[in-house]
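See structure below.
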Amino acid sequence: MNSLTFIIGDRKDLPEKYQDTMISMIRDFDSERSPFEPHLMEFYRNYWKTPRPLERETISVYAFNKSMELVGFGHSFWNIEYDNLDHGSYQIYVVPEERRKGIGTEIMRKLFTVIPTQIENLVAAALGGSIGELFLQKFQKESCYDEFYRAADLSEFSIDKIKAINIKEEQRISNLGYKFVELESFDYSSKFDEEKYVRMVERIWNDMPREEMSFGEDVITPDRYKSQIEYNLKKGDRNFGYAIAVKETNDPVGHTRVLYNKHRPSLVEQDDTGVVHEHRGHGFGLALKYKVLEKILVELNANYWYTANAISNEHMIKINEKLKHKIVGKKVFYELKRSEWEQI
């Protein structure tokens, strides 16, 4: 496509006169890959200025038509520390009025030519049934990982009933020799042995279903976990929840955390929930979610609490169904090997 011009680099390489357009395009891209309303524009302006975590590298392609209007972009991200150093992810977006002209494919080709040689697999995600999924299916027919978006209407819960459930659950948990510990941002490091807490998180993350996705296990260190929370906070998220711990030793054995951003006040996002293997079978996952639900109802003025679970994660799906989470969409992931994308 000789009518296209490209800028390849980082955010700083995009001329300032295009930045407002780019920020709006990122918001439009988010609106197409999620069943929920995107954040307000102020969130994306802040996101654009927020440095990404140091353990990740990125490269971008910005596409312009013959009138030098910004019409699309491609981003790729990959780890440069810790794990999965031969894996990355990518995003492609073209403004609606310029679609079906091959621009998305051209952006993809340009992006793939500057992916570092150590990257052998790239994954992209889209909303199931969307134009984004149709684009990804041009290059890989079968998804490698599917998860359902589920949302609970918070108006369907009675605060008094949830409080009553939690009073009973706290006593039941205590009788079993455990306790709840409230969490906010970084305070896990003062309430627990930090190494033990992060090790618990690592075990929970690595126990999640991966279906056909080729990504390997995560390596979570205290510095890495702290960096990820810090990044969420810089984007404007409040990060809070509960842990469950052995009373006698104060060892954490499970937790749940949610994210809430003032620039999307109608929604609460479920960030993470899990219990390590040897402490399962006591209903801790559901108990943790009831605890955080009470906090959501008391402290926030949100309309919906949403989550996403792998289709194969039957245990967590049952928990979420008990908490009135209904399917509102599907997120699908498609993975390309280097030998495949080099043929595009």
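In summary, Thr117 fulfils each of the numbered conditions (1) farther than 30 Å from Gly216 by Cα; (2) free of Cβ contacts under 8 Å to residues at least 40 places away in the same chain; (3) of a type in the set (Val, Ile, Thr) with the single exception of condition (1).
Looking across Ser76, Ser89, Ser60, Ser67, one residue alone is of a type in the set (Gly, Ala, Ser), over 29 Å from Val219 (Cβ atoms) and without any contact (Cβ under 8 Å) to a residue 60 or more places away in the chain. It is Ser67. Per the listing Phe186, Phe112, Phe139, the residue uniquely in a loop (DSSP other than H, G, I, E, B) and under 23 Å from Trp341 (Cβ atoms) is Phe139.
Residues checked against (1) at positive phi; (2) surrounded by 15 or more Cβ atoms within 10 Å (Cβ to Cβ); (3) assigned by TED's automatic domain parsing to the domain that holds His87; (4) in a strand (DSSP E or B):
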{"position": "Glu217", "(1), (2), (3), (4)": "no, no, no, no"}
{"position": "Lys226", "(1), (2), (3), (4)": "no, yes, no, no"}
{"position": "Asn232", "(1), (2), (3), (4)": "no, yes, no, no"}
{"position": "Val253", "(1), (2), (3), (4)": "no, yes, no, yes"}
{"position": "Leu259", "(1), (2), (3), (4)": "no, yes, no, yes"}
{"position": "Asp272", "(1), (2), (3), (4)": "no, yes, no, yes"}
{"position": "Leu288", "(1), (2), (3), (4)": "no, yes, no, no"}
{"position": "Val298", "(1), (2), (3), (4)": "no, no, no, no"}
{"position": "Thr307", "(1), (2), (3), (4)": "no, yes, no, yes"}
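In region 334-343, the count of residues that are free of Cβ contacts under 8 Å to residues at least 60 places away in the same chain, touching a helix residue (DSSP H, G or I) at 6+ places or on another chain (Cβ under 6 Å) and surrounded by 19 or more Cβ atoms within 10 Å (Cβ to Cβ) is zero.
Mind checking whether some residue in region 75-97 is in the same structural domain as Ala126 (by TED's automatic domain parsing), part of a helix (DSSP H, G or I), out of contact with any helix residue (DSSP H, G or I) (no Cβ under 7 Å at 6 or more places or on another chain) and modelled with pLDDT of 95 or more?
Within region 75-97 (the criterion being in the same structural domain as Ala126 (by TED's automatic domain parsing), part of a helix (DSSP H, G or I), out of contact with any helix residue (DSSP H, G or I) (no Cβ under 7 Å at 6 or more places or on another chain) and modelled with pLDDT of 95 or more), the answer is yes, since at least one residue qualifies.
The values are calculated or read from the model by the stated rules, or taken from the named source; none is laboratory data. In this text the structure is predicted, and so the values were computed from the model without any measurement. Counting neighbours? That spans all protein chains shown, and the Cβs are built from the backbone with ideal geometry, glycine included.
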